[in-house]
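The values are calculated or read from the model by the stated rules, or taken from the named source; none is laboratory data. From a predicted model like this one, the values you see are computed outputs, not experimental measurements. Cβ sites come from the backbone with ideal geometry, for glycine too, and all protein chains shown count toward neighbours. Ligands, DNA and RNA are excluded from the accessible area calculation, which covers all protein heavy atoms including side chains. Shrake-Rupley method; radii C 1.70, N 1.55, O 1.52, S 1.80 Å.
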Amino acid sequence: MKGMHLPDIRMLLQGASPRSSEMFPELNNLLNTTPDKAEQGKLTLLCDARTDGSFLVHHFLSFYLKANCKVCFVALLQSFSHYNIVAQKLGVSLAAARERGQLVFLEGLKSSVDVFFQAQEDPHPLQFLREASAGNLQPLYEFVREALTPADNGEAAWRCPVLLVDDLSVLLSLGMGAVAVLDFVHYCRATVCCELKGNMVALVHDSGDAEDEENNTLLIGLSHQSHLILRTEGLATGFCKDVHGQLRILWRRPSQSTARRDRSLTFQYKIQDKNVSFFARGMSPAIL
Amino acid sequence: MAAVATCGAGAGGTESMAAATSKSNVTSFQRRGPRASGTDSGGPRLVSIAGTRPSVRNGQLLVSTGLPALDQLLGGGLAVGTVLLVEEDKYSIYSPLLFKYFLAEGIINGHTLLVASAKEDPADILQELPAPLLDDSCKKEFDEDVCNKKPESDIKMKIAWRYQLSPKMEVGPVTSSRFGHYYDVSKRIPRELIETSKWHGFFLPEKMSSADKVECCSLTPGYMKLLHFIQNIIYEEGFDGSNPQKKQRNILRIGIQSLGLPLWGDDVCCSENCDSSHSLSKFLYILRGLLRTSLSACIITMPTHLIQNKAIIARVTNLSDTVVALESFVGSERETNPLYKDYHGLIHIRQIPRLNNLICDESDVKDLAFKLKRKLFTIEAEWTVRERDRKKGLPLPLVHPPMAAAASALQPAHRPDPKPGAGYFFLVSHGVQGPSTWAILHCTPGP
């Protein structure tokens, strides 16, 4: 990875005022990216423990749409209008992106009702809901591949394809084994990251002490494959009005076995209506 | 306050709705972002449904849970299209009450009910609903309690009263336009109200006896039948707008009692490594899919204290929108604890959904206790108990009388200020002849 340098701590402490049209500019600073120079071929793992990390999903969705990438969003947890309304707060319209073909949106909740109550002629990406025994996620992979493979007519291509999944833990709840989900991620990575030189972002819940072995297997397996891990955690001391949680950013190099330690940074954050503000641990503006 | 809501503007988006408001003189309370995909071909129509109001924060359409105190804690009410999961208390004493409040609220507002149970006939459940308090006598009793409360919760309770638009009430077809009612648990709901209301019952033993061929899927047959039943009602009665013959402008309130019990054919409460471990979570996922695409709200009570596999509880929580857990003091050592003598149990708000928003309306106070009186189910912050006693000059309840004197001589700085979000109780414990030590009796961290 070239050109990485530590973000300016002073800027973080001052708390850069957000421009309302940008998505989480402070997070972009922390990750040292802008929509113009997004990297390619990377798998980013989002993980939340004892808190809700969905704001990261909203961030990456609007980030990649602004970066002019073609995005395939497998949204299993909430409805389209939910993501659309939040994205509008961050300056992006999902409905418009879908109209112009930049966004392919799989609305899990609505599709699951369709596939469950009526037999479908064509294989549906959520076909596994009808199956009695644990199947595999091949139809879902086919859907993703078809969505992101650029059309042959050579029209003005988008920058790079991006697959966004919210979230993978739901697939475990729906009867898929951890191995099936890892296979799916592997196939998607091979196609999206390696073949199409795109990016992949996935959210997995960390169940913590809930002894969910399948989830732990999935999480550990994905952690080893990821280039970037963003882990949000609730504060160990409990609920706080001014600090909603802690974000740990870990940059990794999965392909090279290296003796150098991976770089990591930890920040605390507070979620506001249209923005998330980050600050160093213990430096919340509320107590300074 | 006029509860104005738009229904069924499918692909209208916020722009067309904003345009609609500017054309007609309505309040700025607009339901943005349609949750129900009930499509109106003629564009958004401004209709108000009885018993609903838009959320102040994000315009989400809300219904009352039947318990105004709980409505406050959930940010105004339960959003239409979401699931409220109630984790039952150990002996199932208070959770049926929440279930009944929800259903009674539906009858009062004229909503359609769908009651599903594996152990009780829905007709019997409806007979036992509490009677609503529709006149001013409830207000008098309420005022007595107001002066005992902490100012913060005062304001919260009083706000609920400001929404009261109460015309004269009679027994009969109820035309209450209030949001959230109070119920008298010692009286039964008048039979006429039940007869004039519309309800559907799903009693599992009856449904299972009919020899329908249900396609094999990894769901247990009981859950399959229930899902098909719910989907059928939603489609037939037009709650999702897809039925061209039916234009429904009402809310469907679904109540599922004790989901997960072995009576449903599910063994999630029986053993840790159960065969049908995904049945319950799959059911919840598809149920939520049905709710999101229709004008309905659902309450599910679940005996999570019986579920031995903690992973399933975590998954079920993630798949639900709002999760509330009740913990009653019956049979626990807290029953005899003088700190809790006024209360019947604790109520934990485990999860509040972030709908159409990055943030949610979390209450600052996390330690809440509830108390059931005949006409009132109150929820208070735990530390108001201590605060009240401290203001009255009473010492904290202590075990050893000489220590009580020592403790009362302590500077107030030694006692923590009741900060929001932290509930601590201290009790002086003593060895037989040893020095006194402060021990934390009950400390509740928790996000």
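Show B:Ser271, B:Ser64 ordered by accessible area, largest first, where the area counts protein heavy atoms only and the probe is 1.4 Å. Intermediate values should be presented prior to the final figure.
Details: B:Ser271 40, B:Ser64 0 Å².
Descending accessible area places them as B:Ser271, B:Ser64.
Compute the Rg/Rh shape ratio of segment B:196-270: radius of gyration over Kirkwood radius, all on alpha-carbon atoms. Mind showing how you got there, number by number?
On the way: Rg = 14.4 Å, Rh = 14.1 Å.
That ratio equals 1.02.
Go through A:Lys241/B:Lys366; A:Lys89/A:Lys197; A:Lys66/A:Lys197 and tell me which ones have a Cα-Cα distance over 21 Å in this structure.
A:Lys89/A:Lys197
Going by accessible area, probe 1.4 Å, with all protein chains left in place, what is the ranking of B:Trp264, A:Trp158, largest first?
So, going from the largest accessible area down, we get A:Trp158, B:Trp264.
Helix-only mean residue ellipticity at 222 nm, chain A, DSSP H runs n ≥ 4 weighted -39,500 (n - 2.57), per residue, nearest 500. What is it?
On the way: 10 runs with 93 residues, N = 288.
Taken over chain A, the calculation gives -9000 deg cm²/dmol.
Using 0.36 nm per residue, how much length does the chain from A:Ala157 to A:Thr217 gain when fully extended, once their Cα-Cα distance is taken away?
Values: separation 60, 0.36 × 60 = 21.60 nm, distance 3.69 nm.
That pair, A:Ala157 and A:Thr217, stretches by 17.9 nm at full extension.
State, to one decimal in nm, how far the label point of B:Gln308 lies from the label point of A:Asp209, with both points 7 Å from Cα in the Cβ direction.
With each label point 7 Å from Cα toward Cβ, the separation is 2.1 nm.
Largest first and in whole Å, what are the equivalent-ellipsoid semi-axes of segment A:49-178 based on the Cα gyration tensor, each being the root of 5 times an eigenvalue?
25, 19, 13
Which parts of segment A:40-65 would a label at A:Arg248 reach, counting a residue when its backbone N lies under 14 Å from a point 7 Å out along Cα-to-Cβ?
It comes to A:46-51, nothing else.
Can you compute the modelled spin-label distance between A:Gln40 and B:Val56, with each label point 7 Å from Cα toward Cβ, in nm?
Each label point is offset 7 Å from its Cα along the Cβ direction, giving 5.0 nm.
Between segment B:72-141 and segment A:220-249, what is the separation of their alpha carbon centroids in Å?
About 37 Å separates the Cα centre of segment B:72-141 from the one of segment A:220-249.
Tell me the total accessible area that B and A bury against each other, 1.4 angstrom probe, in square angstrom rounded to 100.
Buried area between the two chains comes out at roughly 3900 Å².
If DNA, RNA and ligands are ignored and the probe is 1.4 Å, what is the ranking of A:Val179, A:Val276 by accessible area, most exposed first?
A:Val179, A:Val276
Taking the 0 to 90 degree range and rounding to the nearest ten, how far is the long axis of helix A:54-66 tilted relative to the main principal axis of chain A, both from C-alpha atoms?
80
Measure off 7 Å from each Cα along the Cα-to-Cβ vector at B:Phe229 and A:Thr266, then give the distance between these two points in nanometres to one decimal.
5.1
Can you give the average number of partner chain beta-carbon atoms within 10 Å of each beta-carbon in peptide A:116-128, as a whole number?
2
Summing Lys, Arg as +1 and Asp, Glu as -1, what charge do residues with Cβ under 11 Å from the Cβ of B:Gly201 carry, B:Gly201 excluded?
Here the charged neighbours net out to -3.
Which three extents, in whole angstrom, do the alpha-carbon atoms of segment B:226-295 cover along their principal axes, largest first?
Extents along the principal axes: 46, 18, 15 Å.
Run through every distinct alpha carbon pair of segment A:174-262 and return the Kirkwood hydrodynamic radius in angstroms, one decimal place.
15.1
With a 1.4 Å probe and every protein chain left in place, work out the accessible area per residue of segment B:270-350 in Å², rounded to a whole number.
Accessible area per residue, segment B:270-350: 32 Å².
Between helix A:138-148 and chain A, what is the angle of the helix's C-alpha long axis to the longest principal axis, kept within 0 to 90° and rounded to the nearest 10?
70
What's the longest uninterrupted piece of chain A once you rule out the trypsin sites (Lys or Arg not before Pro) that are loop residues per DSSP with at most 13 other Cβ within 10 Å?
Longest gap between qualifying sites, sites excluded: A:101-196.
Determine the shielding of peptide A:231-244 by partner chains: average, over its residues, the number of Cβ atoms on other chains within 10 angstrom of each Cβ.
Per residue, the average neighbour count from other chains is 3.
If you wrap a convex hull around the alpha carbons of segment A:185-228, what volume per residue comes out, as a whole number of Å³?
Per-residue hull volume (Cα only) is 66 Å³.
Could you work out the mean count of beta carbons from other protein chains within 10 Å of each residue's beta carbon in A:41-53?
On the way: counts 0, 0, 0, 0, 0, 0, 0, 0, 0, 2, 1, 9, 0.
Partner-chain Cβ atoms within 10 Å, mean over residues of A:41-53: 1.
Return the residues of segment A:94-113 for which accessible area with all protein chains present is lower than in the chain on its own by 40 Å² or more; set the probe to 1.4 Å and exclude ligands, DNA and RNA.
A:Leu109, A:Val113
When all protein chains stay in place, what accessible area (Å², nearest 10, 1.4 Å probe) is found for A:Tyr83?
For A:Tyr83, solvent-accessible area is about 0 Å².
Can you pull out the trypsin sites (Lys or Arg not before Pro) in segment B:271-314 that DSSP calls coil and that have at most 11 other Cβ atoms within 10 Å?
In loop regions of segment B:271-314 (DSSP not H, G, I, E or B), there are no sparsely surrounded trypsin sites (Lys or Arg not before Pro).
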